[in-house]
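The values are calculated or read from the model by the stated rules, or taken from the named source; none is laboratory data. Everything numeric here is computed off the predicted structure, so don't read it as measured data. Note that we place each Cβ from the backbone using ideal geometry, even for glycine, and neighbour counts take in every protein chain shown. Surface accessibility is based on the protein's heavy atoms, side chains included, excluding ligands, DNA and RNA. Shrake-Rupley method; radii C 1.70, N 1.55, O 1.52, S 1.80 Å.
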Amino acid sequence: MILHLKKSISDERATEIANSINAFHFKKEQHVLITGAAMKEVPGAIAGEVEGFWVFDNDIQLASKKYRSAKRSVSIGKTVIGGESNKTILIGGPCSVESEDQIRESAELIKGMGLTTLRGGCYKPRTSPYSFQGMGLDGLKLLAKMRDEYGLNIITEARDATHVEEVIEYSDVIQVGAKAMYDQGILRACAKSSKTVLIKRGFGTTLKEFVQAAEFVLSGGNENVILCERGLRTFETNTRFTLDLCGVAWLQENTNLPIILDPSHAMGLAYGVTPLSKACVAMGIDGLLIEAHPNPKVAKSDAAQQLTHTEFKELLEQVIPVAKAVGFEMM
Ligand code: PEP
Ligand code: MN
């Protein structure tokens, strides 16, 4: 259950009430309390102090359309996505930050195309410990340099809770990867900040589990959460994963969070990324996350799926009319 206390309730009294019903508690315009969905009635003892309450069938609560019917607006640095904007942000950049020259070329591509947001990983959640693990802090500093020099927003991932503070310092969005999505240490650390968090769906994660990961962040008081669908593991082996567009339709119908799609990781092969992007944009989404590399052949991670810069420019040209057809605009 979500309860809004009356605005006249003091901070001390709100804490007392929250403790008495074992609720998560944060303050925005008023005190917001969240208990498990098992609670169906406001206890009589506090009824006079409650302004409004919402009852749920399951623990998708703060992210639910039943609580807030309007899609949330969430900022990516200086850019705002979601809300009623009907804009689809194109986010680009390499899988990994590899060198200053490489990330500068990427920054120049994004800036040159009139886009706003550069993404690159520095703490890479690789499946093998022997693969390139990312440049770590040195990479974060390069991203921050690109942010300062080119005025771009930066998205990069925290592989575990120990990276969250650094990522907050050097970037505009904390990406929580598909493998880290179940790590409550990272989710709780993100919840303590007001920095925007982009949560990627695990490849074996139900929609309910996915949104509950978002609830960990939201219930800590961080309302800036974006969901990212990036493909599920199915019986199919010809493509890397299977992009769950049905799931996207479900999320759009049932949650109030902005949604970004990542066809690069879903397909795993560059040739499919542009056609899939058209299908994604046709769903009226808030963003598209695409991997592009100055020279994909020599990329240190996810080489097969990264577009060349020429292909990335062509992708934008191809999705612009699709966005327009569904009443959206690329940005
Ligand atoms: C990535 O974004 O480069 C990445 C590793 O993605 P995912 O967590 O979706 O596998
Ligand atoms: Mn990648």
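Could you give the distance between the Cα centres of region 284-331 and region 45-86, to the whole Å?
Distance between centres, Cα-based: 30 Å.
Averaging sequence separations of C-alpha pairs under 8 Å and six or more residues apart, then dividing by the length of region 2-54, give the relative contact order as a whole percent.
51
Pairs LYS78/LYS141; LYS124/LYS179; LYS87/LYS141; LYS27/LYS195; LYS6/LYS27; LYS7/LYS27: which are spaced more than 21 Å apart, C-alpha to C-alpha? Present the calculation step by step, with values, prior to reporting the outcome.
Numbers: LYS78/LYS141 19 Å; LYS124/LYS179 11 Å; LYS87/LYS141 30 Å; LYS27/LYS195 17 Å; LYS6/LYS27 12 Å; LYS7/LYS27 10 Å.
Exceeds cut-off: LYS87/LYS141.
Using the alpha-carbon atoms, what tilt in degrees (0 to 90, nearest 10) does helix 137-150 show relative to the longest principal axis of the chain?
80
Please report the projected area of region 73-330's Cα convex hull averaged over all directions, in nm².
12.1
After finding the eigenvalues of the alpha carbon gyration tensor for region 190-331, what semi-axes result from the square roots of 5 times each, listed largest first in whole Å?
Equivalent ellipsoid semi-axes, largest first: 25, 18, 16 Å.
Which of the chymotrypsin sites (Phe, Trp or Tyr not before Pro) across region 213-269 are loop residues per DSSP, with 16 or fewer other Cβ within 10 Å?
Loop-located and lightly packed - PHE235.
Rolling a 1.4 angstrom probe over the protein chains, ignoring ligands and nucleic acids, what is the accessible area of LEU276 in square angstrom, nearest 10?
Here the accessible area works out near 40 Å².
For the chain, give the magnitude of the charge dipole about the Cα centre (Cβ charges: +1 Lys/Arg, -1 Asp/Glu; no others), in debye to the nearest 20. Kindly include the intermediate steps, with their values, before the conclusion.
Working: 37 positive and 40 negative charges, 53 e Å.
In debye, rounded to 20, the chain gives about 260.
Classify region 23-176: rounded, prolate or oblate, from the alpha-carbon gyration tensor (a ≥ b ≥ c, eigenvalue square roots; a/c under 1.5 rounded; otherwise prolate if a/b is larger than b/c)?
Here region 23-176 falls in the prolate category.
Loop only per DSSP, at most 11 neighbouring Cβ atoms within 10 Å: give me the GluC sites (Glu not before Pro) in region 1-84, ordered by residue number. It would help to have the intermediate numbers written out before the result.
On the way: sites: GLU12, GLU16, GLU29, GLU41, GLU49, GLU51, GLU84; in loops: GLU29, GLU41, GLU84.
For GluC sites (Glu not before Pro) across region 1-84 that sit outside H, G, I, E and B with at most 11 neighbouring Cβ atoms in 10 Å, the list reads GLU29, GLU41, GLU84.
Give me the accessible area of ARG159, 1.4 Å probe, in Å² rounded to the nearest 10.
Approximately 80 Å² for this residue.
Specify whether the C-alpha gyration tensor of region 2-54 places it in the rounded, prolate or oblate class, a ≥ b ≥ c being the square roots of the eigenvalues: rounded for a/c under 1.5, otherwise prolate if a/b is larger than b/c and oblate if not.
It comes out rounded by the Cα gyration axes.
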